[in-house]
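We did not get these values from a lab; they are worked out from the coordinates using the rules stated. If you're wondering where the values come from, they're calculated on a predicted model, not measured in any experiment. Ideal geometry is used to build each Cβ from the backbone, glycine not excepted, and the neighbour counts take in all protein chains shown.
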Amino acid sequence: MTVLFVVAHPDDEAYGVAGTIAKLSSKEQVVILSVCNGNRPGADDQVGSLRRIAFSKACKILNVGSMLRHNSDLSLDYKKAVEEVERAVNKIKPHTIYTHNISDINTDHRYLAEACLVASRPKPNSCVDNLYFFEVPSSTDWTFHQVQPSFQPNVYEDITNQWEKKKQVLSLYTTETYEFPDARSIKAAETLAKYRGYQCGVPYAEAFQLVFSRRRRSEETHTS
């Protein structure tokens, strides 16, 4: 049984869901798919290289498998996003997928959310039973609810015991973290984790929107 985290860029796993990844990897097989390679418009090649190195180190710290595609940031279209996600789903057969919120300001995030909806359609022979959206600071919140449907969390994961590991992973992305009060700072990430935590009564949490969850009929034979 495998859990697949589909992210657009190296660092999205850190800002978005590193605590939950660390928690799940202690009891399930977990794979992170980064569909883009960190080469962002306007940045030199070194930035992309540093992000890919950080992604590799992050996956080792989190004790997960990884897949890194070779698309440049902001180069995705709907067709390419669907192809990449379906290829990964067909290969590893995940029972649960976590991906970006469908109304994020970043178009790569939106395409991947749609692609995950396509790849996890609950057909009878589909391996996927659960689909979740997650938030990423500066992408989910900075739409200011002007792109609908906005992120509406209804599932919270207690990451109190995993917060220090999440902070460790965040610190790897030296080109992607800034000084507070920037949304992409470690202190801001901690503030968000505390905010999501007090919403559900724990010190630190990550929030998710459950898109669907399928409970399959028991395979046991019952006799009357």
Given +1 on the Cβ of Lys and Arg, -1 on the Cβ of Asp and Glu, and no further charges, what dipole in debye does the chain carry about its Cα centre, rounded to the nearest 20? 640 debye
Equivalent-ellipsoid semi-axes (√(5λ), Cα gyration tensor) for the range 50-125, whole Å, largest first? 21, 18, 11
Subtracting the Cα-Cα distance of Ser49 and Asn90 from 0.36 nm times their residue separation yields 11.9 nm
Give me D for the range 74-191 in µm² s⁻¹, whole number, from Stokes-Einstein with Rh from the Kirkwood sum over alpha-carbon pairs, 37 °C and 0.692 mPa s. 207 µm²/s
Run the numbers for Thr191 and Gln152: contour at 0.36 nm per residue of separation, minus the present Cα-Cα distance, in nm. 12.2 nm
Arrange Arg196, Arg184 by Cβ neighbour counts within 10 Å, fewest through most, would you? Arg184, Arg196
Considering the options Met67, Ala188, Ile102, tell which one lies farthest towards the positive end of the dipole of the range 2-213, charges being +1 on Lys and Arg and -1 on Asp and Glu at the Cβ, about the Cα centre. Met67
If R0 is 25 Å, what FRET efficiency do you get for Cys200 and Arg121 from their C-beta distance, rounded to 0.05? 0.25
Which FRET efficiency value, to the nearest 0.05, is calculated for Glu83 and Leu210 with the Förster distance at 22 angstrom and r the Cβ-Cβ distance? 0.30
Bins of 10 Å, starting at 0 and running to the largest distance - Cα pair percent for the chain: 8, 34, 39, 14, 3, 1, 0
Can you flag which of Lys80/Lys165; Lys93/Lys123; Lys91/Lys166; Lys165/Lys187; Lys27/Lys91; Lys60/Lys194 are past 23 Å Cα-Cα? Lys80/Lys165; Lys91/Lys166; Lys60/Lys194
According to a simple spin-label model (label point 7 Å from Cα along Cα-to-Cβ), what is the distance in nm between Ser138 and His70? 2.8 nm
Membrane-span-like helices (DSSP H runs, Cα span along own axis at least 15 Å, mean Kyte-Doolittle at least -1.0) in the chain -> 12-25, 45-62, 78-92, 107-119, 186-200
Please report the spacing between the Cα centers of the range 81-149 and the range 184-207 in Å, no decimals. 22 Å
